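The values are calculated or read from the model by the stated rules, or taken from the named source; none is laboratory data. What you are looking at is a predicted structure, and each value in this text was computed from that prediction instead of being measured. A quick note on method: Cβ atoms are made from the backbone with ideal geometry, for glycine too, and the neighbour counts reach across all protein chains shown.
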Amino acid sequence: MSLPPAVSVIVVNFNRVNLLRACLQSLLQQDAPNVELLVLDNGSLDGSADMVAAEFPGVKLIRSPANLGFCAANNAAIAIARAPFIALLNNDAVAESQWLSALLAEAAAPDVGMVASKILVASRPGVIDKIGHGIYWDGQNRGRGSGEIDTGQYDRDRDILWPDGCAALYRKSMLDEIGGFDEDFFAYADDADLGLRARSAGWRARYAPSAVVRHQRGATMGKLNPRRIQLIERNRVWLAVKHFPLWLLLLNPFFYFLRLVAGAAAGAAGQGEAGQVTGFRAKIGLAFTLLSADWEALRGLPNMWAKRRAWRLKRKLNDKEVVALLRRHRLTLAELSKNVA
């Protein structure tokens with residue numbers, strides 16, 4: 001009689017057959033016992049699902065006829081996962097063999113609902129992609145340590161704001177309590193929304209420095225893909241609407257303006273993500289993409305405001321405590337505008 005799984009690992013895939021193969025091979029090498037592996041394929045056209053069925057018969061394969069996006073796909077897989085812990089791993093990431101065991105060890109305390117990995121950039125050995133997340137006052141969030149050389153400066157466990165959904169562990173009972181990913185986000189900042197719901201419900205988030213993965217950053221959509229930029233900007237606004245106190249929300253345009261100015265200055269010096277946008281036409285295109293995203297965010301405000309009101313009835317932290325949490329894990333303008341993995 002087989003033992004129930006200790007952890008269910010979910011990989012969502014869309015048209016990345018070779019990256020998915022490497023990802024699953026790394027998961028088969030984990031030193032953690034009783035692992036349930038699930039792949040939800042989002043209607044891939046490159047043979048990804050058939051590859052999983054042929055080469056990884058022990059993996060539970062879920063075929064979706066259409067691309068559900070990151071949020072809905074993970075929610076669907078979480079609903080059928082059998083373990084008390086849920087680990088998420090992007091299809092463009094490869095995990096070291098102790099990844100799962102390190103995450104589970106850090107989740108031993110019953111009030112720990114989430115655990116973050118040390119995520120390194122696969123194409124730039126020794127460069128950090130993210131160590132948990134921080135946030136700026138306008139709702140923009142980013143991985144801690146992005147672009148830094150890994151010299152061991154993050155090699156101790158610590159409390160964090162929330163983990164990046166690229167490679168994270170979640171307690172199933174926490175997800176049952178607060179709900180899964182908000183499917184309106186589709187992708188990007190979805191882990192931020194889930195993380196803030198969890199933190200404001202009283203759950204802790206930890207970082208496991210020995211839980212190492214290497215991530216092909218931007219492989220899913222491309223770092224400068226207009227749709228990626230649009231989703232990030234739209235969801236930044238929605239995140240603030242759902243979680244920020246009213247006074248901080250009213251100041252959002254001011255902090256957004258400060259970040260745009262800092263980003264423009266960094267871009268002019270060839271730094272940060274803005275520095276990767278070259279040419280006048282590309283910069284104009286970026287501006288229109290941001291305006292389009294903000295318009296899309298505004299059209300979705302009634303829906304997000306309703307979700308805000310519903311969540312405020314359930315959360316355990318008050319506005320003052322939420323602001324204190326954000327302050328402890330805030331990002332500076334320099335970190336946002338100049339650092340990039």
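The figures follow:
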item: Residues (farther than 23 Å from residue 32 by Cβ and either assigned to a helix (DSSP H, G or I) or among the charged types (D, E, K, R) (or both)) located in segment 171-193; result: 177, 178, 182, 183, 184, 185, 190, 192, 193
item: Some residue of segment 66-80 being touching a Ser or Thr at 6+ places or on another chain (Cβ under 7 Å) and either hydrophobic (A, V, I, L, M, F, W, C) or within 25 Å of residue 188 (Cβ to Cβ) (or both); result: yes
item: Candidate set: segment 306-341, residues that are over 19 Å from residue 238 (Cα atoms), among the hydrophobic types (A, V, I, L, M, F, W, C) and assigned to a loop (DSSP other than H, G, I, E, B); chosen: the one modelled with the lowest pLDDT; result: 341
item: Failed criterion for residue 272 (all others in (1) more than 16 Å from residue 140 (Cβ to Cβ); (2) outside any helix (DSSP H, G or I); (3) modelled with pLDDT under 95; (4) among the small types (Gly, Ala, Ser) hold); result: (1)
item: Output for segment 77-106, where each listed residue is touching a Leu at 6+ places or on another chain (Cβ under 6 Å), in a helix (DSSP H, G or I) and either without any contact (Cβ under 8 Å) to a residue 60 or more places away in the chain or closer than 16 Å to residue 119 by Cβ (or both); result: 103
item: Residue 109 modelled with pLDDT of 95 or more and either in contact with a helix residue (DSSP H, G or I) (Cβ under 8 Å, 6 or more places away or on another chain) or not in a strand (DSSP E or B) (or both); result: yes
item: Where a residue in segment 268-293 is closer than 12 Å to residue 337 by Cβ and its partner, wherever it lies, is at pLDDT below 65 and hydrophobic (A, V, I, L, M, F, W, C), with Cβ under 9 Å and at least six apart; result: 268/274
item: When residues of segment 1-50 are limited to those that are charged (D, E, K, R) and either under 20 Å from the mean Cα position of the chain (by Cα) or not in a helix (DSSP H, G or I) (or both), the one surrounded by the fewest Cβ atoms within 10 Å (Cβ to Cβ); result: 31
item: Yes/no for residue 214 being assigned to a helix (DSSP H, G or I), crowded, with 17+ Cβ neighbours inside 10 Å, among the basic types (Lys, Arg) and modelled with pLDDT of 95 or more; result: no
item: Residue in segment 51-64 that is in a loop (DSSP other than H, G, I, E, B), assigned by TED's automatic domain parsing to the domain that holds residue 104 and buried (at least 20 other Cβ atoms within 10 Å of the Cβ) present; result: no
item: Members of segment 128-156 found to be polar (S, T, N, Q) and either surrounded by 22 or more Cβ atoms within 10 Å (Cβ to Cβ) or in contact (Cβ under 8 Å) with a residue 40 or more places away in the chain (or both), listed by number; result: 140, 141, 146
item: Residue that is surrounded by the fewest Cβ atoms within 10 Å (Cβ to Cβ), among those in segment 157-198 that are touching a helix residue (DSSP H, G or I) at 6+ places or on another chain (Cβ under 6 Å) and under 12 Å from residue 242 (Cβ atoms); result: 182
